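Note sheet for the following structure.
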Amino acid sequence: SAWVLGALQLRAGLPPLSSSTSSRGRHSFFFYRKLDRWHYLGYQVFYAVPFLYELRTLLDWTCTPTTLDWYSWLKLEDIRGSLYAAGARRRMEAGRKPGERVPRYEKFLQG
């Protein structure tokens, strides 16, 4: 049944992607716009505030026409956030050479 619901959602049209002229769509979330250190830091702070991420996801799910139930939408947003975080980390590590030591301040900031 998930295949049928997914096909119906594709036929009806997914939420619109954001563009430079429009701020509508699921992909217009401020922290997902760029893969840089500052947006990633803001995303981490936003994600760390209790229930803020879940409230934003609930609001998006409520306002977006979709066939997904709440738990599937939450899982989808979690996957999207994980992909963003992995991309941002890879972009920040792009200048590092293989085998190069991690500086102490980075170890301190990561926990």
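Here are some notes:
- Flag if residue 95 is open to solvent by less than 90 Å² (accessible area, probe 1.4 Å) and modelled with pLDDT under 85: yes
- In region 46-85, the qualifying residues are those that are under 13 Å from the mean Cα position of the chain (by Cα), surrounded by 11 or more Cβ atoms within 10 Å (Cβ to Cβ) and aliphatic (A, V, I, L, M), and the one that is nearest to residue 2 (Cα to Cα) is 76.
- If you go through region 84-111 and keep only what is part of a loop (DSSP other than H, G, I, E, B) and among the acidic types (Asp, Glu), you end up with 93, 100.
- Answer residue from region 75-111, given it is without any contact (Cβ under 8 Å) to a residue 24 or more places away in the chain and of a type in the set (A, V, I, L, M) and is nearest to residue 40 (Cα to Cα) among those: 86
The values are calculated or read from the model by the stated rules, or taken from the named source; none is laboratory data. Owing to the predicted nature of the structure, the values given are computational and were not obtained by experimental measurement. Glycine also receives a Cβ, built like all others from the backbone with ideal geometry; neighbour counts cover every protein chain displayed. For accessibility, only protein heavy atoms count, side chains too; no ligands or nucleic acids. Shrake-Rupley method; radii C 1.70, N 1.55, O 1.52, S 1.80 Å.
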